[in-house]
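Visitor: Take this structure, written in structure tokens, and hold onto it; I'll ask about it next.
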Amino acid sequence: MANFELFKKLLDEKSLNYASRTTENGDGVIDLPFDGKIIKIFFSNDKFLSIYLVFEKVPEEKLADVIFLCNELNAKYKWATFYVDKDGDLVIHDDALISGDSAAEESFELIVRILDITNKCKPTIMKCIYA
């Protein structure tokens, strides 16, 4: 789990608040707070990175509208995937292969991109869900 440890070191250097743990199967997990939510970051087999942000619960009557919006956002933003999961939550997600000496920095850059996309989409998403 060298990339997991390097990423934690990078977060420490940036004085960011986070929680970390290792799962039973050896995956590293980081919980990073963002705007009242938690970004879950998984490091698997020291080369796979998965980022998940559960953005908002979708009311059942808005489900079709939000799924349609997800399709639009998926076409517009190539660094993130938007979907509604089985629990009715709107999730923003990314997967990546990481390796080498720059894996921690690459991982951090992907998280920054996801958060930037999230901030850009937030007004549109909230309007779709609550208007």
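The values are calculated or read from the model by the stated rules, or taken from the named source; none is laboratory data. In this text, all values refer to a predicted model and were calculated from it rather than measured experimentally. So basically every Cβ, Gly included, is an ideal-geometry build from the backbone, and we count neighbours across all protein chains shown. Areas reflect the complete protein model, heavy atoms only, side chains present, ligands, DNA and RNA absent. Shrake-Rupley method; radii C 1.70, N 1.55, O 1.52, S 1.80 Å.
Visitor: Work out how much length K78 to V29 would gain on full extension: take 0.36 nm times their residue separation and subtract the Cα-Cα distance, in nm to one decimal.
Guide: Once the chain is fully extended between K78 and V29, it gains 15.2 nm.
Visitor: For q = 0.18, 0.20, 0.23 Å⁻¹, what log10 I(q)/I(0) does the range 87-130 give under the Debye formula with an equal point scatterer on each alpha carbon and no solvent?
Guide: Rounded to two decimals, the profile gives -0.64, -0.73, -0.84.
Visitor: Now a separate question. Can you tell me the accessible area per residue over the range 22-71, all protein chains present, probe 1.4 angstrom, in square angstrom?
Guide: Per residue, the range 22-71 has an accessible area of 55 Å².
Visitor: Using the charge dipole of the chain (Lys, Arg: +1 at Cβ; Asp, Glu: -1 at Cβ; taken about the Cα centre), state which of L10, F108, V91 has its Cα farthest towards the positive end.
Guide: Checking the options against the dipole of the chain, the answer is V91.
Visitor: Quick one: angle between helix 103-130 and the longest Cα principal axis of the chain, in degrees between 0 and 90, rounded to 10, please.
Guide: Rounded to the nearest ten degrees, it is 10.
Visitor: Heavy atoms only, probe 1.4 Å: what % of the accessible area of the chain goes to carbon and sulfur, would you let me know?
Guide: Taking all protein chains in place, the chain shows 53 percent carbon and sulfur surface.
Visitor: Let me ask something additional. Give the shape of the range 1-40 as rounded, prolate or oblate, defined through the alpha-carbon gyration tensor: a ≥ b ≥ c are the square roots of its eigenvalues, a/c under 1.5 means rounded, and otherwise the shape is prolate if a/b is larger than b/c and oblate if not.
Guide: Since a/c reaches 1.5 but b/c is at least a/b, the shape of the range 1-40 is classed as oblate.
Visitor: Hey, what's the Cα Rg ratio for the chain versus the globular rule of thumb, 2.2 N^0.38 Å?
Guide: 1.10
Visitor: In debye, nearest 20: dipole of the range 12-64 around its Cα centre with unit charges on the Cβ of K, R (+) and D, E (-)?
Guide: Numbers: 7 positive and 10 negative charges, 12 e Å.
The dipole of the range 12-64 has a size of about 60 debye.
Visitor: Using only Cα atoms and rounding to the nearest 10 degrees, what angle (0 to 90) does helix 63-76 make with the longest principal axis of the chain?
Guide: It is inclined by approximately 50 degrees.
Visitor: Magnitude of the Cβ-charge dipole of the chain, K/R +1 and D/E -1, about the Cα centre, nearest 20 debye? The partial results should precede the final answer.
Guide: Working: 16 positive and 23 negative charges, 70 e Å.
Dipole about the Cα centre, nearest 20: 340 debye.
Visitor: Relative to the present Cα-Cα distance, how much length would full extension add between K37 and S99 at 0.36 nm per residue of separation? Walk me through the intermediate numbers first.
Guide: Working: separation 62, 0.36 × 62 = 22.32 nm, distance 2.78 nm.
19.5 nm is the gain from fully extending K37 to S99.
Visitor: Compute the angle between helix 2-13 and the longest alpha-carbon principal axis of the chain, please, reported from 0 to 90 degrees and rounded to the nearest 10.
Guide: Taking the Cα atoms of the chain, the angle to 2-13 is about 80 degrees.
Visitor: From the square roots a ≥ b ≥ c of the eigenvalues of the alpha-carbon gyration tensor of the range 37-112, which class results: rounded (a/c under 1.5), prolate (a/b over b/c), or oblate?
Guide: Cα axes put the range 37-112 in the prolate bin.
Visitor: Next question. Before rounding to the nearest 500, sum -39500 (n - 2.57) across all DSSP H runs of length at least 4 in the chain and divide by the residue total; then give [θ] at 222 nm in deg cm²/dmol.
Guide: Value at 222 nm, helices only: -14000 deg cm²/dmol.
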